[in-house]
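All of the numbers you see were taken from the coordinates with simple rules; none came from a lab. Quantities reported herein were computed from a predicted structural model and do not represent experimental measurements. Don't worry about glycine lacking a Cβ; one is built from the backbone with ideal geometry, like all the others, and counts go over all protein chains shown.
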Amino acid sequence: MQIGECVAIWWRPNFETIMYPYCPPHITKPKECKKLFVVHLSEREYFAVPKNLKLLAVPLFELYDNVQRYGPVISTIPQQLSRFQFNMIHS
């Protein structure tokens, strides 16, 4: 596994449930920082998911601007990834 670029950083300034894509200037010690990274997996690597959870593949167009279903962090992944160019290589 190779950890790539940081895609986004989200901040929770206090005990509220809301997260912001920036740390407000008046907050000196935020309660949480969530970072999203691009992770490159080789052909031999796979996701290990516990039996009590389920891995779900969702197309980016379904995530886009769908805050009601996926929340404010996950629904912005398409915008965050728009600065990257992905090349699919079939062997």
Helix-only CD estimate at 222 nm, as mean residue ellipticity for the chain, using -39500 (n - 2.57) per DSSP H run (n ≥ 4)
-4000 deg cm²/dmol
Hey, how many Å between the Cα centroid of segment 43-75 and the Cα centroid of segment 3-20?
17 Å
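About the Cα centre, and with charges only on the beta carbon of Lys, Arg (+1) and Asp, Glu (-1), how big is the dipole of the chain? Nearest 20 debye, please. All intermediate terms of the calculation are to be shown ahead of the outcome.
Details: 10 positive and 7 negative charges, 60 e Å.
The calculated dipole for the chain is roughly 280 debye.
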Dipole of the chain, positive direction: furthest Cα of 40, 71, 30, with charges on the beta-carbon:
30
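May I have the convex hull volume per residue, in Å³, for the Cα set of segment 1-66? Can you show the working numbers first?
Values: hull volume 10.6 nm³, N = 66.
Considering the Cα atoms of segment 1-66, their hull volume per residue is 161 Å³.
Which of the GluC sites (Glu not before Pro) found in segment 11-91 are loop residues per DSSP with 11 or fewer other Cβ atoms within 10 Å of their Cβ?
On the way: sites: 16, 32, 43, 45, 62; in loops: 16, 43, 45.
Qualifying residues, ordered by number: 16, 43, 45.
Do any trypsin sites (Lys or Arg not before Pro) in segment 1-35 lie in a DSSP loop with no more than 12 other beta carbon atoms within 10 Å, and if so, which?
Here the sparse-neighbourhood loop sites are 31.
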Residue 32: net charge of surrounding residues, Cβ under 13 Å, Lys/Arg +1, Asp/Glu -1, itself excluded?
+4
Charge tally in the Cβ shell below 11 Å around residue 19, where Lys, Arg are +1 and Asp, Glu are -1, residue 19 excluded
+1
Please list, or write none, the aspartates and glutamates whose alpha carbon is within less than 13 Å of the alpha carbon of residue 35, excluding same-chain residues fewer than 8 places away.
5
